[in-house]
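The values are calculated or read from the model by the stated rules, or taken from the named source; none is laboratory data. What you see is a predicted model, and the numbers here were worked out from it, not measured in a lab. Counting neighbours? That spans all protein chains shown, and the Cβs are built from the backbone with ideal geometry, glycine included. Just the protein is used for accessible areas: all its heavy atoms, side chains included, with ligands, DNA and RNA removed. Shrake-Rupley method; radii C 1.70, N 1.55, O 1.52, S 1.80 Å.
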Amino acid sequence: MTEADAEPGNAHPVRYRDCVRRTRTAAGLTRYADLTSVRAARVVGAARRWGLRLPPVVWDSLLPALLLLNIMTTRAPQELPVAVALTAALALPLVWRRRAPLTVFGAVAAVAFVQWLMDIQLPADIALLVALYTATANSGWRGTLVAGAVVEGGALLACLRWAAEGAFLTLFVAVTAMVVAAAVLGVNVRTTRAYLAALEERAARLEQQQDQQARLAVAEERTRITREMHDIVTHNLSVMVALTDAAVYAQHRSPDKATTAMLQISETGRQALTDMRRSLGILRTDEPDAERHPPPGIAQLETLADQMCAAGLPTRLEVQGGHTHIPATAQLTVYRLVQEALTNTLKHTPTGTHAKVRIRCSTETVTVDVTDSGPCPPLPAATPSGHGIPGMRERAAAYGGKLQAGPLPGGGWGVHTRLFLGSSGAASA
């Protein structure tokens, strides 16, 4: 010890340097341990991935190879031929245990009985437990019970012949425990496999049902859009054609009326564009028109009646009862029914025809009646291939109603339906 170290004032620096040295050593050991752990984890992961790529027959060949190597290195030369032959007969069938589990179990059990008759003990008897596990994992309860009884009988015979004096019970209990463990493990594997197969089947069935529901939803949405486009385009084009004819007829005799008709055409076209944006805007999340323009309802029937009057079809509207409690979808259905009925009247009746619309609203139902005074029935009754009346029937059926369309007894044409606002109708809508 130097004099500087012996001085009292220098004692603390010496201890401080020792602490720093120990801290650095501990940190270095920690980093080394961490690097070693990381490398070991990488090696284990690589070995696992490499092992998973190997075919199952390679793993099934490991036990027979180990048993043959053991018997060749531990037996005396004079006992080696018989021991190797019996070991090969016991262990080699395990290579094919996945392909034919019951056949392999029967072969191994037969060889084990021959071994018992020859009074030769071999470590390869463990192959009987492996064969039992494979048989119970790939057969039903009857095969499991038969295989377990066979192995348990062999265990009893082996304990009777090879157990030491006074150790029969201990050996028999130990061997029986191994037999039961192998059988239970096989049953658990079989149960788990069946459970996973049931889950896969259920998942596939659910996926198929989801695909079917998605296709049905797409078909229903396509039908809805087609129905909406038919109603919008047919109605507005019919009104625009009628107004155009009126404007052409009145352009020389009454220019003011022609100008009014042209303005009506422009307004009808803008309304058609708005309706189309609203109907197609539901398909796009970035389309705000569906929020800015609510769907038409019973309140807009008066505007519709005025539009039909301007197009040349005098229409009288009568609404009985309040309609504020009626859902928007039901009001849209009422509006489309009236719109289609009036459009058919405008298209297929001569000039001078009058139309009447009567809406009766109650707590649970909405009744729609549209009649006209035309001398002959509209064309859709004679053309079943049209989409007008079938679309009206689909709309009415969504609310549990049945649409009636046909000639009236006193002349003209009538459309009648009743929409039910209860749970059934709302559910079907």
State all residues of region 232-261 that are among the hydroxyl-bearing types (Ser, Thr, Tyr), open to solvent by 60 Å² or more (accessible area, probe 1.4 Å) and at pLDDT below 75; if no residue qualifies, say none. TYR249
Is it true that THR176 is in contact (Cβ under 8 Å) with a residue 12 or more places away in the chain, within 30 Å of GLY391 (Cα to Cα), assigned to a helix (DSSP H, G or I) and not acidic (Asp, Glu)? no
Are there any pairs with C-beta distances below 6 angstrom linking a residue in region 333-360 that is of a type in the set (Asp, Glu) to a residue that is open to solvent by less than 50 Å² (accessible area, probe 1.4 Å), with the two at least 6 apart or on different chains, and if so which? GLU340/ASP231; GLU340/GLY388; GLU340/MET392
Regarding PRO93, is this residue out of contact with any helix residue (DSSP H, G or I) (no Cβ under 6 Å at 6 or more places or on another chain), open to solvent by 20 Å² or more (accessible area, probe 1.4 Å) and either farther than 17 Å from VAL179 by Cα or hydroxyl-bearing (Ser, Thr, Tyr) (or both)? no
Being buried (at least 19 other Cβ atoms within 10 Å of the Cβ) and either outside any helix (DSSP H, G or I) or touching a residue at least 40 places away in the same chain (Cβ under 8 Å) (or both), is that true of even one residue in region 72-90? no
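Considering only region 96-105, state which residues are in a loop (DSSP other than H, G, I, E, B) and either buried (at least 16 other Cβ atoms within 10 Å of the Cβ) or among the basic types (Lys, Arg) (or both).
The answer is ARG97, ARG98, ARG99.
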List pairs: first in region 119-142 and on the phi < 0 side of the Ramachandran plot and in a helix (DSSP H, G or I), second among the basic types (Lys, Arg) and surrounded by fewer than 22 Cβ atoms within 10 Å (Cβ to Cβ), Cβ under 7 Å, 6+ apart or cross-chain? THR136/ARG190; ALA137/ARG190
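Examine region 205-219 for a residue that is among the charged types (D, E, K, R) and either in contact with a helix residue (DSSP H, G or I) (Cβ under 9 Å, 6 or more places away or on another chain) or within 17 Å of GLU394 (Cβ to Cβ) (or both), and state whether such a residue exists. Can you show your working first?
Initially, region 205-219 is screened for residues among the charged types (D, E, K, R), giving 205, 207, 211, 215.
Okay, now just the ones that are also either in contact with a helix residue (DSSP H, G or I) (Cβ under 9 Å, 6 or more places away or on another chain) or within 17 Å of GLU394 (Cβ to Cβ) (or both), so none.
Scanning region 205-219 turns up no residue that is among the charged types (D, E, K, R) and either in contact with a helix residue (DSSP H, G or I) (Cβ under 9 Å, 6 or more places away or on another chain) or within 17 Å of GLU394 (Cβ to Cβ) (or both).
So that you can scan it fast, the table gives a plain yes or no per residue for (1) touching a residue at least 60 places away in the same chain (Cβ under 8 Å); (2) touching a Phe, Trp or Tyr at 6+ places or on another chain (Cβ under 8 Å); (3) in a helix (DSSP H, G or I); (4) open to solvent by 60 Å² or more (accessible area, probe 1.4 Å):
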{"residue": "GLY166", "(1), (2), (3), (4)": "no, no, no, yes"}
{"residue": "ASN188", "(1), (2), (3), (4)": "no, no, yes, yes"}
{"residue": "ALA197", "(1), (2), (3), (4)": "no, no, yes, no"}
{"residue": "ALA219", "(1), (2), (3), (4)": "no, no, yes, no"}
{"residue": "HIS230", "(1), (2), (3), (4)": "yes, no, yes, no"}
Checking the conditions here, which among ALA149, ALA182, ALA203 is outside any loop (DSSP other than H, G, I, E, B) and buried (at least 16 other Cβ atoms within 10 Å of the Cβ)? ALA182
Based on this model, can you work out whether VAL58 counts as aliphatic (A, V, I, L, M), part of a helix (DSSP H, G or I) and more than 53 Å from the chain's Cα centre (by Cα)? no
For region 137-149, state whether one or more residues are within 18 Å of LEU63 (Cα to Cα) and β-branched (Val, Ile, Thr). no
Looking only at residues that are polar (S, T, N, Q) and closer than 24 Å to VAL218 by Cα in region 262-288, which one is modelled with the highest pLDDT? THR274
Tell me, please, whether a residue that is among the basic types (Lys, Arg), open to solvent by 60 Å² or more (accessible area, probe 1.4 Å) and within 26 Å of VAL189 (Cβ to Cβ) can be found in region 123-145. yes
Matching residues in region 54-93 (touching a Pro at 6+ places or on another chain (Cβ under 9 Å) and either small (Gly, Ala, Ser) or on the phi > 0 side of the Ramachandran plot (or both)) number 2
